[in-house]
Amino acid sequence: MPVVDAPPPTPDSFGKLVADPSEVRSGEHVKGDEFLERPLTETEIEMLVDGLIRDAAPEEVMNVSVNSRSSEFDIATTALAGNGWCVVPDFLSQTQTQALSTECMDMHDAQLLTPARVGADRVATLLRGDSTRWFQPEALSTRQQAFADRIEALRIALNRDLFLGLVDSESHYAVYRPGAGYARHLDCLRNDDSRVISAVFYLNEGWQDAEGGALRLYLADQSYHDVFPRAGTLLLFLSAQFEHEVLPATRDRLSIACWMRQRVHAEARAQL
C-alpha cells in the first residue's frame, strides 16, 4: 500500500502557484516527494483513499453526503496544492450519483435545459454544444442537496488546508448530445477573478473510453491529461491556470459543472 509522506502545503507555496502559474515548471511543484513531482493517477488516488478509509473509524466513513471523509480530502488537497489539479473517485455514492443522473436527463427531456452561453454577457456561441440548467441555491432538490452538501464540505477543507478564501459555489447540470463538445478555454470570466476552483462531477454509468467525451486538461509542460466522464468521478483544477476542452462523445454525456468562488477583488469589481 503506497503511503503519502509529504509536508502539508503552506499558504506561501500554494499562493505562489495561484498567483503566477507561469513560474511553476514540471517537477518543481513539491520537491522530495515522488507522488507530487507528477500528477497523481486515478489508480494511485483510489488505492490511497481505499487504504485510508479502511483504517478509519466507522463514524469517519458513514454519512458521506454531509460530512467530509478527512483522509479523502487530505489527499485531494495535497494533490491540488502540488499539481493544481486532481481526480477524486466516488465523490458521491452510486445511489446518489444515479439519482442525479436521472434528474438531469428527466429535466433535459422536459426541455428545462437551455443551450449554453459563454462569458459574463452570456453570449451564444458555436464554441460549445451543451445545454445547461443552473442550480437554484434556495430551491435545491433533495438530490441536488446531497451534491451541494459534499461540495460545501470540500470547500471548507480547501479553505482549512490551502487558505483559499472560498466563500461559496455555483453549479449547473450540463448535457452534451452525441457529437457535441466545448472548444479549448479557461473558466475565468473577463474582469472577474472570483472563480478559483473548477469542479466537474460526472453522471455517466458504464462509460467506456472508446465512447470519447473526455475532458482534456492542458498541463504546464505542454502535455495534456484526459479525464473520462465516468459516474462518480470528480475533477478539480485551478480555474485561472488550466485551459481545457470537452471532446465529442458517441452517447449523451451528463455532468455537473461547479465553481468555488472567492470575493471579487476591488480592482476587478471596478471594471465590471
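Toward the positive end of the charge dipole of segment 85-271, with +1 on the Cβ of Lys and Arg and -1 on the Cβ of Asp and Glu, the farthest Cα among 264, 95, 231 is that of 264. Across segment 88-101, computed HN-Hα scalar couplings (Karplus, 6.51 cos²θ - 1.76 cosθ + 1.60, θ = phi - 60°) run 10, x, 6, 5, 10, 5, 4, 5, 5, 5, 4, 5, 5, 4 Hz from first to last residue, x flagging Gly and Pro.
The 3J(HN,Hα) values that the Karplus relation (6.51, -1.76, 1.60; θ = phi - 60°) gives for segment 170-181 are, in residue order, 9, 9, 8, 5, 9, 10, 9, 6, x, x, 8, x Hz. Gly and Pro appear as x.
Fewest-first ordering of 168, 187 by other beta carbons within 10 Å of each residue's beta carbon gives 168, 187.
Set the Förster distance to 35 Å, then compute FRET efficiency between residue 126 and residue 224 from the Cβ-Cβ distance, nearest 0.05. The value I calculate is 0.95. If you take the alpha carbon atoms of segment 85-271 and fit the smallest convex hull around them, that volume is 128 Å³ per residue. Sorted ascending by nearby beta carbons within 10 Å, beginning with the fewest, 138, 243 become 138, 243.
Rule-based calculations on the coordinates, nothing more; no lab input. Fair warning: this is a prediction, and the values are worked out from it, not measured in the lab. All Cβ positions, even for glycine, are placed from backbone atoms using ideal geometry, and neighbour counts span all protein chains on display.
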